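Okay, structure first, notes after.
Values in this text are rule-based calculations from the coordinates and carry no lab data. Not measured: the values here are computed from a predicted model. Please note: Cβ atoms are built from the backbone with ideal geometry, for glycine as well, and neighbour counts cover all protein chains shown.
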Amino acid sequence: MPSRAKDRSTGALVRRIFALALVAVAAGCSAVRVGYNSADTLLLYAFDKYFDLNAPQQTQLREKIRALVAWHRATQLRGYADLLEAASRQVEGHITADDVLAFNLEMNRRLVLIGDHAAPGLATLALSLEPFQVERFATKLAEDNAKMRGEVIASDGRPSLERREKRGVERAEEWFGSVSPQQLALIRQALATRPDSDAWWQYEREQRRSDLLHLVRQIQSERPSIEEGARRLRDYFAHLAEPADAERRARMAEYRRGNAELIAALIDAASAEQKATLLKKLRGYADDCLNLAASAARG
């Protein structure tokens, strides 16, 4: 079962690229179609917000984004539907933490594929940037970091564990419709036995932004070929899923394993009614992916 983490870092360039895939599995059925069909407009708006694009850049990027969305709709959505259907069949039986990890790793692979396909267009944009646009991007990312740090520190005034439990319950309710006392105990036990991840995730998000800003500055200043710029961007996207730094990679693996164990335990403890709710959501999202893909085939 995919975890539905709220994307509070909407300014990050790569998050906007990956949103093309995530929207197909992380929203309600009608919202999927509306959000996906508006993806080109939303993406262009995000780039303009963070770079203050000039008219030629907007025109060129609009064409690249439309081509990316068309490729994604025509070639990727049926794969998402298959993945969701496979997850539904596992939910009907017995699902393990390894099953959940396999689902998440496959989704990460598909997200990296979007970055691979988008890389030449992003390299072209990076090469066209003026110094003031790069500095605007740096400023916007710094503002995002400050805002997210404030949210982590404020945290509604609740103690860390209580805040994490509340968030865990809310996420479980999104998929199951309700949370039983047994599931609540599982959430509390899981969170009590592992360290608070908020500070680590804040560090990880800031590091990703820093890496991206460094790469954009490097491409803008060194002026490599589009092919070389695309190669560097592909490396960046790959390292989002599997960081090159061993310590970051280990922490991410630990976090994923803990989440997978909790998700599997919650599904195993679900009532027939809760499983029916979960299956309805998963299959509804799969149907949405197929309907969106069919619209591409119809032209």
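Tell me whether the range 35-173 comes out rounded, prolate or oblate; compute the Cα gyration tensor, take square roots of the eigenvalues as a ≥ b ≥ c, and use a/c under 1.5 as the rounded threshold.
oblate
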Cα shape, the range 67-115, gyration tensor, a/c 1.5 rule: oblate
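Quick one: net charge around Ala276, please, counting Lys, Arg +1 and Asp, Glu -1 for every other residue with C-beta under 12 Å from its C-beta.
+2
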